Each structure stands twice: as structure tokens, then as C-alpha cells.
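Engineer: If you scroll down you'll find the structure; I have some questions about it.
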Amino acid sequence: MAKSDVAKERFFNLPVMVLISLSFMLGMSEFIVVGILPDIAAGLKVSEVTVGNLVSLFAFVYAPVTPLGSALSARFPRFATHLTLVGVFLIGNVLCAFASNYGVLVVARILIALVSGTLVAIAMTYAPDVTTEQYRTKFIAWVFSGFSIASVVGVPVGTWVANTFGWRWAFHLVNVLTVVLIVLMVMVLPRNSRIVKIGFLPQFRLFFDRRIQLGVLAVVFGAAATYVFYTYLTPIMRDEVHVPEQYLSVGLVIFGAACLWSNLYGGKLADRGRGVEPLTHIRPIYCAHAVLMASLIVTHWVPVYGALLLVVLGMFMYLQNSASQVLYMDVASQSHPGSTLNSMSFNIGIALGSAVGGVVNGHFGLMWLGPVGALFLVCAIAITTMLRPFVAQERKFYADI
């Protein structure tokens, strides 16, 4: 057996770890603004709402560009394209670190958003080369999980660096780690150009399936509900819960630990059936989440309740993710394993939620973010209710195969 084949038998081999690390870096770069939002606002002398708009801007660019970039990248040699786009990602983060004004920061964030989704899609195409067929689904799940790990670990670490050395050093950290990652990519990733082609039109043909349509909407509304308040998590901790500035990074670590639990427990929820069924089981969770989200307004008068509530909301944050992934895997990914629907729909939700959150915060204040987020969850409840009729027919389908 060749040395490369022996390595592929071990799932967590070096190439797989490098690709997971790349998605972690992409996620850290995307989400780090949430943790250092007040620092950027003070440093560039703009409002926090203005900086918060960077989150929605990033997602607005990321969502539509991802499927197009994924299709176009298949026309070029994979390794060279991969390395080139990581170089563009690095340039964008260097611009963030040295941005002299808000305009430069906007350009830098757009540059990063233009390549991030395509980098994830290219990473997926390495599956046959770095692991075995039995680990293919696991590989896809772990590449996506790099973003979740970034929100749990990367954001608090970046916030601590910003609080200790200044917000620009948070981006310097991303840059240093990206350079190390580029060196590792050159050393361990295969050079062959065998690609699982990801067509632009085939991805959108999936939308003719009613289950996909409803699944995408559920993810959009669920993500929007979360990002209405998550975009302004640091100001909420500081102004509503009254966490001292020096302990904000600690607060983000605690919130991140709650999110990590959410990821792990979300995986258990996804084991309850196949196809659309796991997502329909999230409906009671959406109901409880909506009530808790609406009660965030109480934080303005009872900060202790707000502190506890933020931890609980973190525990709800990613419960839908694995269930929605099961839907995409069972309905779509059998024929389109490189489909970017999951990241695309989640980023549409991020864009929608953070944009609405900016409007609400700018006109009504932080205290109203929770009730508005609850309205998105009401929409998610309605969508999962509409998915229920498909459960019986899918059970019959899976019983017959």
C-alpha cells in the first residue's frame, strides 16, 4: 500500500487537518468583527452600527458569489487556484490590519468575502485525494465545522488580542496564521487537478425541490434570528449586561462554550431520522428560542437575567445546523456533493439578520434586538410546520430502499 493510501486510512491526517484549519481561518476572519466591533468603531471614529454593517456587507457579497466562484474555479488547475485565492484572502486581511479609514476596511472586507466561499468549495473537492470514500461525508462535515470552531475559539481569542494590543493586532494574528497555513498547503496538499466539478446551474436546479426551498428558508430565518443580536453581542454585554471592558473576552469565551455545546447537541438532534425529519423536530426548539429571544428586552432592567440569558441563547445558536445539513446531504448532496447551498443560505441569513439588527439598533436601541429576532424565529416555526407533510413519504421511501 502506498504511503499516501496509508495516510488516507487515517481520517485526521495532515492534509485533512490543513483543510479544516483553512476553514477555521476563513471563519475567524469573517466573525472576528463581532468581537472587536467597539474597538474598530473607536479606532476609525465611526459609529458601532456602521461597523456592524460590515457583517451584513460581508454576507451579502459571500452568498451570491459563492456558487458562481465555485463553478468558475473548476475551469482552472485546482492547487494553483486554491493557493492564489488564499493569497487574495491574505491581502484582504492585511488591508484590514492597516486600514486608515472605514472605506479601506469596506474594500478589504469585500475582497475577503469574494474568495471565502469559493475557498470552502475548492476544499471540498480534495475529499477523494485526502481521505477514503467511507470518510467522505465526515470530511465535508468537518470542513464546515471549522467555521463553528472559529466562532467558539477564534472570536474570543481575537477579542482578547484586540483588548490587550489593539484591534489591528487581531487581524495581524489572522495574517500570521494564514502565512503558516500557506506554507503547510504547499508542503502537504496534492498537486493534481482532479476536480469534482460544481456547476452553477445544477446547484440552482435543486431549488425546484420543495424540500430544498423550505430547508433553505428555515436556515435563512434561523440564522437571521441569531445574527440580529449576535452582530451586536459585544455592545450588549457592555451596555446592557454591564460587563466591564476587561472581562468582555471572558464573556465571549463563556458564550463560545455555550455555542460549542450547541454544535455538539445539534449533532445528536440530527440523528433523529433522515431527510427533512430532523429539521421538523427543531420546531419546538424554535418556539422556545423565540420566547427566550423576545425576553432579551428584560436585560435592560435586569442585567443578571441578561447575563444568564445570553449563555442560554448561545446554547440555542447552532441547534439547527446539523439537522439542516442532513436535509441537504440526503436530498441534494447525493448528486451534488460539492453543493454550496448550506453556506450560501446561512450567509443570506447572516446578511438579513445583521442588516435588520443595524436598523433596529440605530433607531430603537440594543434592547429591541431580541424581540425582532424572535419574529424571524416565528417565520422558521412556520417553515418547519410546512415541512412536516414530507416526513411520512420520506419514511416510506427510506423503508423501501
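Engineer: Taking 0.36 nm per residue of sequence separation and subtracting the Cα-Cα distance, how much length would be gained by fully extending the chain between Asn101 and Gln134, in nm to one decimal?
Structural biologist: Difference between extended and current length: 7.0 nm.
Engineer: Quote the relative contact order of the chain in percent (integer), defining contacts as alpha-carbon pairs under 8 Å separated by 6+ residues.
Structural biologist: For the chain, the relative contact order is 25 percent.
Engineer: Counting only trypsin sites (Lys or Arg not before Pro) that are in a DSSP loop and have at most 14 other C-beta atoms within 10 Å, tell me the longest site-free stretch of the chain.
Structural biologist: So the longest stretch without any such site is 273-401.
Engineer: Hey, any idea what % of the chain's accessible area is carbon plus sulfur with a 1.4 Å probe?
Structural biologist: C and S atoms contribute 70 percent here.
Engineer: In the full protein assembly as shown, how much of Glu240 is accessible to a 1.4 Å probe, in Å² to the nearest 10?
Structural biologist: That residue has around 20 Å² of solvent-accessible surface.
Engineer: If you count only protein heavy atoms with a 1.4 Å probe, what accessible area per residue comes out for the range 100-145, rounded to a whole Å²?
Structural biologist: 34 Å²
Engineer: For Cα Rg over 2.2 N^0.38 Å, the listed values are [x] 0.96; [y] 1.36; [z] 1.04; which was obtained by calculation from the structure presented?
Structural biologist: Of the listed options [x] 0.96; [y] 1.36; [z] 1.04, [x] comes from this structure.
Engineer: Top to bottom by accessible area (1.4 Å), largest first, where do Leu313, Leu260 land?
Structural biologist: I get Leu260, Leu313, largest accessible area first.
Engineer: Heavy-atom accessible area per residue, the range 243-304, 1.4 Å probe: how many Å²?
Structural biologist: In whole numbers, the range 243-304 has 48 Å² accessible per residue.
Engineer: Could I ask something else about it? Please list Met315, Met124, Met187 from largest to smallest accessible area, probe radius 1.4 Å, with all protein chains kept in place.
Structural biologist: Largest accessible area first, the list is Met187, Met315, Met124.
The values are calculated or read from the model by the stated rules, or taken from the named source; none is laboratory data. These figures come from a predicted structure and were not determined experimentally. Cβ sites come from the backbone with ideal geometry, for glycine too, and all protein chains shown count toward neighbours. Quick note on the areas: whole protein, heavy atoms, side chains included, nothing else; ligands and nucleic acids left out. Shrake-Rupley method; radii C 1.70, N 1.55, O 1.52, S 1.80 Å.
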